[in-house]
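Below: one structure, written as structure tokens.
The values are calculated or read from the model by the stated rules, or taken from the named source; none is laboratory data. Bear in mind the structure is a predicted one, so any value in this text is a computation, not a measurement. Every residue, glycine among them, receives a Cβ derived from its backbone with ideal geometry; neighbour counts consider all protein chains shown. Just so you know, the surface numbers come from the protein's heavy atoms only, side chains and all, with ligands and any DNA or RNA stripped out. Shrake-Rupley method; radii C 1.70, N 1.55, O 1.52, S 1.80 Å.
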Amino acid sequence: MNTEIIKITDLSAQDADLSRAADVIRAGGLVAFPTETVYGLGGNATDDGAAKKIYAAKGRPSDNPLIIHIANPDDADRYAVVNDTYRRLAKAFMPGPLTVILPRREIIPRSVTGGLDSVAVRCPSHPAAHRLIELSGVPIAAPSANLSGKPSPTCAEHVIQDLTGRVDMILDGGDCEIGLESTIVKVDGEDEITLLRPGGITYDALCMAVGKVTISPAVTRALAENERPLSPGMKYRHYAPSAPVVLLSGAPEAVLAFLVDEQESRRCAILCYNEETVRLKSNRLFPVGARDDLAAQAQTLFRALRSADRTDAEIIYAHLPPQSGLGLALYNRMIRAAAHTVRELS
Ligand code: AMP
Ligand code: MG
């Protein structure tokens, strides 16, 4: 398949390009597009055939459901059964990096929801994503635009590496603002939700909009053999580089001293804080942002992991993120990349 790449430099002057992309979606084709979280691999969410193409292009197991993307929060009512809790979340966080799981309406085929009777709904704030959905006139089912087993793409170059020849079109909108996938919540009842995947909308922010927010255990720890995940995606091995990842925790000076020693004695890649680059000199060094700048770390993490994975490192070190604020989303992605391996230093 020939993949057309369209660079978005001035969205307001590119409606003809976006209309062509929308035509591809309506005709059952696939378009990768930028969002504020990561790039999505989009197809018509009301078309069973398009959903099957998405799973095939990614190499994704077909019981791992897709998120459907809508142009306006109110449109959710056409595809899912909404309630007041949804409306409150929508008012507080949409458009934006929040996905809400609701009971599915018949118009969304089971192939999109991995056979489930619920459907995940999101209204992205990225202007190109918004315009694409609007012009398509259909909801767009879109998982992250990476091959299954690779980190989510945060720039068009990552999408081009993974999906050239597998999709009809790639819209290149530059770097994603947040860099981690959306926050996913499940509505349990009036004023009650469960956080299934942390992202740009933090636990504290959710608590301000909804009375009771429960964090699913799978967010911070490995599930036991007999535990059933609330979200099918939780049971799949998440992205991990080919070299083992070890997360370091402890006093900043102790961690830095350990890294200084290790870089002399082993072939290690290091995801470090910007302020540590003065002491760390390896050519497998990947600064992810300042220690206190969790937003910068979120934006850089997947790119750094892709880069570290391309080196000849025998081991990859990174800091154990805090579990507060945006840190919880970083923590959730990192402990999975590290298969829960944490080294305490003192
Ligand atoms: P991705 O699109 O790659 O960001 O992955 C979407 C995530 O949303 C996966 O982990 C899915 O398991 C989860 N998800 C999508 N739909 C549902 C649903 N109906 N119920 C529970 N989890 C869902
Ligand atoms: Mg994904």
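Summary of computed values
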{"quantity": "Region 195-214 versus region 153-167: alpha-carbon centroid distance in Å", "calculated": "31 Å"}
{"quantity": "Approximate spin-label separation Ser265-Ser62, in nm, with each point projected 7 Å along Cα-to-Cβ", "calculated": "5.2 nm"}
{"quantity": "Dipole magnitude of region 166-312, debye to nearest 20 (Cβ charges: Lys/Arg +1, Asp/Glu -1, about Cα centre)", "calculated": "580 debye"}
{"quantity": "Environment charge of Ile184, counting only residues whose C-beta is closer than 11 Å and scoring Lys/Arg +1, Asp/Glu -1", "calculated": "+2"}
{"quantity": "Measure of compaction for region 261-346 (Cα Rg per 2.2 N^0.38 Å)", "calculated": "1.03"}
{"quantity": "Förster radius 35 Å - calculated FRET efficiency between Thr214 and Arg105, Cβ distance, rounded to 0.05", "calculated": "0.85"}
{"quantity": "Debye intensity ratio in log₁₀ form over the Cα atoms of region 184-240, taken at each q of 0.24 Å⁻¹", "calculated": "-0.99"}
{"quantity": "Sparsely packed trypsin sites (Lys or Arg not before Pro) within region 221-321, loop by DSSP, other Cβ within 10 Å at most 16", "calculated": "Arg221, Arg237, Arg266, Arg267, Arg279, Lys281, Arg291, Arg310"}
{"quantity": "Whole-percent carbon and sulfur share, accessible surface of region 261-346, 1.4 Å", "calculated": "44 percent"}
{"quantity": "Degrees between helix 84-93 axis and first principal axis of the chain (Cα, 0 to 90, nearest 10)", "calculated": "60 degrees"}
{"quantity": "13 Å beta-carbon shell around Lys212, net charge (K/R +1, D/E -1)", "calculated": "-2"}
{"quantity": "Choice from Met208, Met334, Met169 with maximal GNM fluctuation in the chain (Cα, 10 Å cutoff)", "calculated": "Met208"}
{"quantity": "Leading residue at positive end of dipole, the chain (Cβ point charges), from Ala129, Ser144, Gly211", "calculated": "Ser144"}
{"quantity": "Sequence-distant residues sharing a close amide H with Ala32 (under 5 Å, placed H)", "calculated": "Gly42, Met169, Ile170, Leu171"}
{"quantity": "Convex hull volume of the chain per residue (C-alpha atoms, cubic angstrom)", "calculated": "134 Å³"}
{"quantity": "Per-residue [θ]222 nm for the chain (sum of -39500 (n - 2.57) over DSSP H runs n ≥ 4, rounded to 500)", "calculated": "-9000 deg cm²/dmol"}
{"quantity": "Accessible area in square angstrom per residue, the chain, 1.4 angstrom probe", "calculated": "42 Å²"}
{"quantity": "Those GluC sites (Glu not before Pro) in region 249-324 that DSSP places in a loop and that have at most 11 other beta carbons within 10 Å", "calculated": "Glu314"}
{"quantity": "Of Lys7/Lys58; Lys91/Lys212; Lys58/Lys212; Lys53/Lys150, pairs whose Cα-Cα distance is over 26 Å", "calculated": "Lys58/Lys212"}
{"quantity": "Gap separating the Cα centres of region 245-320 and region 77-117, nearest whole Å", "calculated": "38 Å"}
{"quantity": "Taking region 1-82 and dividing mean pair separation by its residue count, relative contact order in percent (alpha carbons under 8 Å, at least six apart)", "calculated": "15 percent"}
{"quantity": "Residues in region 286-324 reached by a label modelled at Val278 [backbone nitrogen below 19 Å; 7 Å Cα→Cβ]", "calculated": "286-293"}
{"quantity": "Cα gyration tensor of region 251-305 - equivalent ellipsoid semi-axes, whole Å, descending", "calculated": "19, 13, 8"}
{"quantity": "Label-to-label distance, nm, for residues given as Asp292 and Ala16 (7 Å Cα→Cβ offset)", "calculated": "5.0 nm"}
{"quantity": "Pairs of alpha carbons in region 97-239 whose separation is greater than 21 Å (percent)", "calculated": "52 percent"}
